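The values are calculated or read from the model by the stated rules, or taken from the named source; none is laboratory data. The structure displayed is predicted, hence computed values, not measured ones. Note that each Cβ is placed from the backbone with ideal geometry, even for glycine, and that neighbours are counted across all protein chains shown. Calculation scope for accessible area: heavy atoms of the full protein, side chains included, ligands and nucleic acids excluded. Shrake-Rupley method; radii C 1.70, N 1.55, O 1.52, S 1.80 Å.
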Amino acid sequence: MFHVAVVENNSQAQARAAAWLYPGYLLVFSVLMVPIAIAGLATFAETVNPDTFVISLPLADNAPAIALLAFLGGFSAATGMVIVASVALSTMLCNDVIVPLLLRSRLVGHSGAAWPSPSILLLVRRISVAAILLLAYMMNRLVDQAYPLTTMGLLSFVAIAQFGPAFLGGLLWRRSNGAGAVAGIAIGFAFWVYTLFVPSIAPLVPAVDELIANGPFGLVWLKPQSLFGVAGLDPISHATLWSLGANVIAFLSVSLLKDGSALERLQAEAFVRGVPADQLPLASLPFVTRLDDLKALAARFVGADRSAIAFEEFMQRRRSAGDAAKRDDGLADMEAMRFTENLVAGALGAASARVVMAAALESRSLSRKAAVGMLDEASQALHFNRKLLQGALEGVPQGICVFDRNLAIEAWNGRFLTLLDLPKDLIRVGLPLAELVAFNSERGEYDADDLKALLVNRDLAVQSWPYVYERKRPDGVVLEIAYDRMAEGGYISTYTDVTERHRAAAVLRRANEELERRVQERTQALEQAKAEAERANIGKTRFLAAASHDLLQPLNAARLFLAALDESLRANAGSHARDQEDERALARNAAAALSSTERLLDELLDISAYDSGAVRARPVDFSVGSLLAQLDLEFSALARQRGLALRVVPSTLSVRTDPQLLRRVLQNLLSNAIRYTPKGRILLGCRRRGDRLRIEVRDTGIGIAPERQKEIFEEFRRLDTGDDSEKGSGLGLSIVERICRLLDLPLEMHSRPGRGTAFTVAVPLGAEGATVSSSTKPASPDTGSEAALVVLCMDNDDAIRQGLASLLDRWGIGRLSQATRQRRLPIATGKCRI
């Protein structure tokens, strides 16, 4: 199986298949042998030879048909094994031993006059097969009585294992050499013969029994099966230990003590480092060989047909790989010689093929006629190659000029002469580049910058390659000139007309400048439009502020007149009570509507002021307790009116912010809490967290759904409570957000529908002991005092002054108008209180 699957493969694909096929074959048959061995031992113990278990088991079970089938299978397998093994061994013996000896003998010699013919090779192999079968039979007669078939296989494996150290060492160790391999294998085989083979022939040779029992010359410590006193091991293990041990020691010692030859060192580098065969240095050959000669040589051993087919496939592979140009002259290179050697090795073996190739190549000599013919062919090839090269150069659209290492011209094309406008009689082989530069300089081709860029004016030792520069000729043509070094020495220069590229670059540059100018103009126009839009926005804000102020004045006056009407109707409540009450109700409703409009306009005015930046924060340190007390006084009555419990937790801490704006924030939050809390309680308190005081407004109202918690900070967004009378303007929380953003105060909200809402404003702590009041409580009128109360009304609108005067008259309060203030001011400073 090994010979068929491994030795006889012809391609890498077959080798890859053998890499898994052969181990798989061994594994499958090893697994199948396990149950047979177990059944045989369980059935026969040690009474039957294990080699006959396959036949003995069916016979013991009264199954002669199966036993006959097993016998026929075993017989055919044994016959096939004998045939394959005999052929394989005879081939190896013929190729690697007998043929090399014949080639080195006087019968053939180095002249190659009489090669071994196929008939001689066939005779050698037949004799080898007969000798191998005879030796195998003798081995069976000698050893079979002492060892079963399996043990004989192990005995052979121990013998073959002696090649292992040299094989692995040659692959993995650079210091290994042929002398070490020969010494290790020889000593290993000697120990194998003494410790394993000699005891196997003891039944046939009585003298061997004495040697095994007492050792040579009575030296017990040299007994073959307990060498040097090592006992207790089975014969196979004992022989393996001593033979391989002695083999490895001898291989290592001789390899270290003796230096290998140059060829051995080269092969060691190739195997250890894994250098590809194509990269190995080969010795130069003092002869010339043709492919036809190699084909004829291979035909002597593999036949003319096979040789022709093999060389045709070889040439096709080279053409498909792009290597056909290597040997168009019919001469053989080292790749062709290796191919021929491998082809011959298929018939003779590697060692014989190496000897055949060496003898054939060494016998080659070149006659004068062949040399003249070869030189003629080489001359024609050179002429053809030069003509081909010149045609290729002329077909290139660039100008090309080749210089040697001394900057002298070697080759050029017609485009080079055209681009530089050079006369044909000037350029010649060997013309120095300096003379060409001098000729162009006399014609005025160069300016000062061009002279600095010329290659002749540069240090070539430090010049970086390729060297590229551009030169503009007097006629306007722009040339891109590139110099580069060649592998064999010298320089090659290319000349490219880039005039159109420069023109296109100039057009592109002008277009880019025009585009940049337009972009700049558009940018300026956009900036101007943006400035105008900002001015329009500021004007709109101012307009809204002014319009709100103008709207507030008549609304305020109307509210005052309606209030006066209400007071007048209250004073005349004696008659027509029902009609008067309806009139008063109408007046109150009108006043409420006007008040709501006034609040809406006030809030719009506030939002406009916050958005336009008209409001500036004025932070101070003040006690938050006074602000909480004022809010408690301001909203407690409203909460009681709604049936709610308002609790304000006092605090003694100080904060730093704008007190008026903070008051406005808390007012709006408390107003919203009272408006959207049908029942329950409202809490206003403070908590200290780090360097900030968290002022919280909590209620037990309707709460806010999560999806609407961001909407409530938008303008004119109101919650649906089902009661239209409780709807606000929808601007309170929007104002709160703007004020907190202006004051840089974090605003948080937590709400659960049906459970209530909590708003938190985090205010920076102020200095300890701050006593600044958040606001001044307005003085309420004291109607019971002895001094009459006088109200000074100052407004630029007559209607507002008249409405306020009418209301004050109904209240019985003295007033100062614009027309009478000069006369009554002295009175105010006397007994009256303003």
Here the qualifying pairs (Cβ atoms under 8 Å; residues six or more apart or on different chains; first in the range 39-65 and under 20 Å from Ala77 (Cβ atoms) and open to solvent by less than 60 Å² (accessible area, probe 1.4 Å); second assigned to a loop (DSSP other than H, G, I, E, B) and not acidic (Asp, Glu)) come out as Gly40/Val48; Asp51/Pro148; Ser56/Val48
Contact list, first residue from the range 480-501 and under 16 Å from Pro397 (Cβ atoms), second anywhere and small (Gly, Ala, Ser) and open to solvent by 20 Å² or more (accessible area, probe 1.4 Å), beta-carbon distance below 6 Å, six or more apart or interchain, is Thr494/Ala482
Could you tell me whether Leu515 is within 30 Å of Pro397 (Cβ to Cβ), at pLDDT 85 or above and open to solvent by 40 Å² or more (accessible area, probe 1.4 Å)? no
Yes or no: Ala788 in contact with a Cys (Cβ under 7 Å, 6 or more places away or on another chain), at pLDDT below 80 and either surrounded by fewer than 17 Cβ atoms within 10 Å (Cβ to Cβ) or hydroxyl-bearing (Ser, Thr, Tyr) (or both)? yes
Subset of the range 636-680 (residues that are without any contact (Cβ under 8 Å) to a residue 40 or more places away in the chain and in a helix (DSSP H, G or I)): Ser636, Ala637, Leu638, Arg640, Gln641, Gln667, Leu670, Ile674
Pair list, Cβ < 9 Å and 6+ apart or interchain, from the range 745-759 residues that are over 13 Å from Gly680 (Cβ atoms) and at pLDDT below 90 to residues that are open to solvent by 20 Å² or more (accessible area, probe 1.4 Å) and among the β-branched types (Val, Ile, Thr): Pro753/Ile702
Within the range 373-462, considering only helices (runs of 4 or more DSSP H) that don't extend past its boundaries, which have at least 1 residues that are at pLDDT 75 or above? 414-420, 433-442
Search result, residues across the range 149-182 that are among the small types (Gly, Ala, Ser) and surrounded by 14 or more Cβ atoms within 10 Å (Cβ to Cβ): Ala159, Ala161, Gly164, Ala166, Gly169, Gly170, Ser176, Gly178, Ala179, Gly180, Ala181
Set Ala202, Ala190: member being part of a loop (DSSP other than H, G, I, E, B), of a type in the set (A, V, I, L, M) and more than 60 Å from the chain's Cα centre (by Cα): Ala202
The residue that is nearest to Asp632 (Cα to Cα), considering only those in the range 655-703 that are open to solvent by 10 Å² or more (accessible area, probe 1.4 Å) and of a type in the set (A, V, I, L, M), is Leu683
Output the number of residues of the range 480-509 satisfying the condition of being in a loop (DSSP other than H, G, I, E, B) and closer than 16 Å to Tyr469 by Cβ. 1
Residue list for the range 121-150, filter: part of a helix (DSSP H, G or I) and at pLDDT below 75: Leu121, Met139, Asn140, Arg141, Leu142, Val143, Leu149, Thr150
